[in-house]
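Q: Got a structure here, written out as structure tokens. Questions coming.
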Amino acid sequence: MCKELKTLLLLGTIFLTTVSVNAQDTKLPAPDKKGGSSVMEALWQRKTERTFSDKKLSEKELANLLWAACGVNRPENEKRTNPTARNLQEVTVYAFLPDRVCLYEHKTHTLKTIAKGDHRNLLAMGQNFVLQAPVTLLMVVDMALYTKHDEVAVTMGAADAGIVSQNINLYCAAFGLNTVTRATMDRAAIAKLLGLTPDQVPILNNPVGHSK
Ligand SMILES: Cc1cc2nc3c(=O)[nH]c(=O)nc-3n(C[C@H](O)[C@H](O)[C@H](O)COP(=O)(O)O)c2cc1C
């Protein structure tokens, strides 16, 4: 095969790979600036709910939910709805959907597919209500962003994941959705599925859905 043809084939392969990777990404609709109940009403409504109807979340609901969890609310400095210790921004959120698992890329407000298929059983671990929820958000903390891996760092990481979970809880309360903060999950299997480094630790997850 001549050199030019080889180069052409190589370029074609790179182009097709890029296109197929990008095809996996879903740009979410812009988050709303209004809506839901007041903060006081949401706090009165906030509660654990472990039942979910078959109804899926609309793309808009999913976009608003993810943005509420940890989206960018100050684009000028890429700061987010969730505070983090020393602004480390070490919490990332994954969405477990019935047909795929996605990473929420907060900077671009995009869902990037990480794994195909239904992997909600790795979160359920016998709590079968998780299999009914149309989406579960998983909070993963990257401990590599802490210079010292001491007890304080572990506490800060867990606190920061808890704040994201509470953002989800309040969003759900404000919009009449059901959710529950959970620590139960198969961490080792999830780490393998998502290709996490040993420093990236799954901390909490929140199944979210409509009430029955
Ligand atoms: C850090 C944390 C971990 C939790 N883990 C689970 C869990 O794995 N499974 C579950 O069903 N509920 C879990 N819960 C929910 C609690 O059981 C629930 O919040 C508690 O019973 C109080 O009820 P409330 O949320 O309605 O106030 C967890 C809550 C927190 C804050």
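The values are calculated or read from the model by the stated rules, or taken from the named source; none is laboratory data. If you're wondering where the values come from, they're calculated on a predicted model, not measured in any experiment. Using ideal geometry, Cβ is built from the backbone for each residue, glycine included, and neighbour counts are taken over all protein chains shown.
Q: Which residues, counting only those in the stretch 37-65, are within 12 Å of the ligand (Cβ to nearest atom), of a type outside the set (A, V, I, L, M, F, W, C) and in a helix (DSSP H, G or I)?
A: Gln45
Q: Could you please let me know if Glu41 is of a type in the set (D, E, K, R), at pLDDT 95 or above, surrounded by 10 or more Cβ atoms within 10 Å (Cβ to Cβ) and closer than 25 Å to Glu90 by Cα? Talk me through it step by step, then tell me what you get.
A: Working: of a type in the set (D, E, K, R): yes; at pLDDT 95 or above: yes; surrounded by 10 or more Cβ atoms within 10 Å (Cβ to Cβ): yes; closer than 25 Å to Glu90 by Cα: no.
When the stated conditions are applied, Glu41 does not pass them.
Q: Sticking with this one: Output the residues belonging to the stretch 53-92 that are in contact with a Lys or Arg (Cβ under 7 Å, 6 or more places away or on another chain), more than 27 Å from His149 (Cβ to Cβ), among the hydrophobic types (A, V, I, L, M, F, W, C) and crowded, with 19+ Cβ neighbours inside 10 Å.
A: none
Q: Let me ask something else about it. Looking at this structure, is Phe129 among the aromatic types (Phe, Trp, Tyr), within 15 Å of the ligand (Cβ to nearest atom) and in contact (Cβ under 8 Å) with a residue 12 or more places away in the chain? Step through it out loud before you land on a result.
A: Details: among the aromatic types (Phe, Trp, Tyr): yes; within 15 Å of the ligand (Cβ to nearest atom): yes; in contact (Cβ under 8 Å) with a residue 12 or more places away in the chain: yes.
Answer is yes for this residue.
Q: Still on this structure: Can you find even one residue in the stretch 58-74 that is more than 20 Å from Cys172 (Cβ to Cβ), more than 14 Å from the chain's Cα centre (by Cα) and at pLDDT 95 or above?
A: From the stretch 58-74, those more than 20 Å from Cys172 (Cβ to Cβ) are 72, 74; that's our starting set.
With more than 14 Å from the chain's Cα centre (by Cα) added as a condition, the list becomes 74.
After this cut, where a residue has to be at pLDDT 95 or above as well, the list is 74.
Yes, because at least one residue in the stretch 58-74 is more than 20 Å from Cys172 (Cβ to Cβ), more than 14 Å from the chain's Cα centre (by Cα) and at pLDDT 95 or above.
Q: Something else now. Could you pull out the residue among Met156, Met143, Met139 that is crowded, with 17+ Cβ neighbours inside 10 Å and within 12 Å of the ligand (Cβ to nearest atom)? Give the steps one after another, and end with the answer.
A: On the way: Met156 fails: within 12 Å of the ligand (Cβ to nearest atom); Met143 fails: within 12 Å of the ligand (Cβ to nearest atom).
When all the criteria are applied, what remains is Met139.
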